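Engineer: Before I ask anything, here is the structure I am working with.
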Amino acid sequence: MNTPLIISPGAEAYAQSFTAPEAGLLQEIARFTQTAHPHAHMLSGQVQGKFLSFISTIQRPRYVLEIGTFTGYSALCLADGLSPEGELHTIECREEDATTARNYFSKSKRNHQIHLHIGNAAEIIPTLSHQWDLVFMDADKTGYIGYYEQIVPKLSKNGIILADNVLFHGQVMEDPITGKNAKAIHAFNEHVKKDPRTEQVLLTIRDGLLMIKKRAE
């Protein structure tokens, strides 16, 4: 079965043209990633990045967790709304990408609030004792359910989880689903749907964002 086209290139280009432009440092990261990184498609990009920035600036979080730093673009978007005493903790398993991100973080006015952790997210998350106000998951897809289960108990009362790639290039709609990552994402979507602790909305931004919050008590 052919993978369905979720959003047409024309619609994406139109959305980008009516989205506020990136700041200079984000443009620099985007240019570098698109020209020099073999996995440039993993970059959040202008539209999704601005959405992350909006959520952060509306929420004014104290503690933000990002799982999957990549080259640092999304972390800087998530840091936009940090409260003055706030902290963003971002986890990256690849040394080279972490080095790239650290270089760009050093150019940001938020640098002193960003804490970059290098290693296995499943091992690092339990060492962080904060209650998370905003979480962005954009790492190995087979690990999503495990990360989710680690995070939900540490989610603040009004905390939000944003999980990326939940449409996985449309492969989650194949019948049957054949790809390992698409299977893992579909299982994650089902897992969250059945969880009585939370409620969610799936947004068709970029490759799909699942927005999750705790149910009102």
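The values are calculated or read from the model by the stated rules, or taken from the named source; none is laboratory data. Source: prediction; values computed, not measured. Cβ placement follows ideal geometry from the backbone for every residue including glycine, while neighbour counts extend to all protein chains displayed. When the accessible area is computed, the model is the full protein with side chains, heavy atoms only, and any ligands, DNA or RNA have been set aside. Shrake-Rupley method; radii C 1.70, N 1.55, O 1.52, S 1.80 Å.
Engineer: Which count do you get for residues in the stretch 193-210 that are in contact with a strand residue (DSSP E or B) (Cβ under 8 Å, 6 or more places away or on another chain) and of a type in the set (Asp, Glu)?
Structural biologist: Looking only at that region, the number is 2.
Engineer: Related question: Could you check the stretch 108-159 and list, in sequence order, the residues that are open to solvent by less than 10 Å² (accessible area, probe 1.4 Å) and of a type in the set (Phe, Trp, Tyr)?
Structural biologist: Once the filter is applied, which keeps residues that are open to solvent by less than 10 Å² (accessible area, probe 1.4 Å) and of a type in the set (Phe, Trp, Tyr), the stretch 108-159 yields 132, 136, 144, 148.
Engineer: Examine the stretch 10-30 for a residue that is part of a helix (DSSP H, G or I) and buried (at least 20 other Cβ atoms within 10 Å of the Cβ), and state whether such a residue exists.
Structural biologist: Yes: the stretch 10-30 contains one or more residues that are part of a helix (DSSP H, G or I) and buried (at least 20 other Cβ atoms within 10 Å of the Cβ).
Engineer: Something else about it: Tell me, which residue of the stretch 70-118 that is of a type in the set (A, V, I, L, M) and closer than 20 Å to residue 34 by Cα is nearest to the chain's Cα centre (by Cα)?
Structural biologist: At the first step, the residues of the stretch 70-118 found to be of a type in the set (A, V, I, L, M) are 75-76, 78-79, 82, 88, 91, 98, 101, 114, 116, 118.
Going one step further and asking which of them are closer than 20 Å to residue 34 by Cα, we end up with 75-76, 98, 101.
Values: 75: 8, 76: 11, 98: 16, 101: 15 Å.
Selected residue: 75.
Engineer: Now for a separate question. Quick one: count up the residues across the stretch 152-184 that are hydrophobic (A, V, I, L, M, F, W, C) and more than 14 Å from residue 211 (Cα to Cα).
Structural biologist: Total meeting the criteria: 6.
Engineer: Of all the residues that make up the stretch 172-202, how many are out of contact with any Pro (no Cβ under 9 Å at 6 or more places or on another chain) and either of a type in the set (Phe, Trp, Tyr) or touching a residue at least 60 places away in the same chain (Cβ under 8 Å) (or both)?
Structural biologist: Qualifying residue count for the region: 2.
Engineer: Please specify each residue of the stretch 165-192 satisfying the condition of being touching a strand residue (DSSP E or B) at 6+ places or on another chain (Cβ under 7 Å) and either surrounded by fewer than 17 Cβ atoms within 10 Å (Cβ to Cβ) or assigned to a loop (DSSP other than H, G, I, E, B) (or both).
Structural biologist: 166
Engineer: Would you be able to tell me the number of residues in the stretch 94-107 that are of a type outside the set (Asp, Glu) and either buried (at least 18 other Cβ atoms within 10 Å of the Cβ) or in a strand (DSSP E or B) (or both)?
Structural biologist: 5
A quick yes/no check of all residues on (1) without any contact (Cβ under 8 Å) to a residue 60 or more places away in the chain; (2) in a strand (DSSP E or B); (3) out of contact with any Phe, Trp or Tyr (no Cβ under 6 Å at 6 or more places or on another chain):
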site: 41; (1), (2), (3): yes, no, yes
site: 52; (1), (2), (3): no, no, yes
site: 61; (1), (2), (3): no, no, yes
site: 76; (1), (2), (3): yes, no, yes
site: 91; (1), (2), (3): yes, yes, yes
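Engineer: Among (1) of a type in the set (S, T, N, Q); (2) touching a residue at least 12 places away in the same chain (Cβ under 8 Å); (3) at negative phi, which single condition is residue 165 missing?
Structural biologist: (3)
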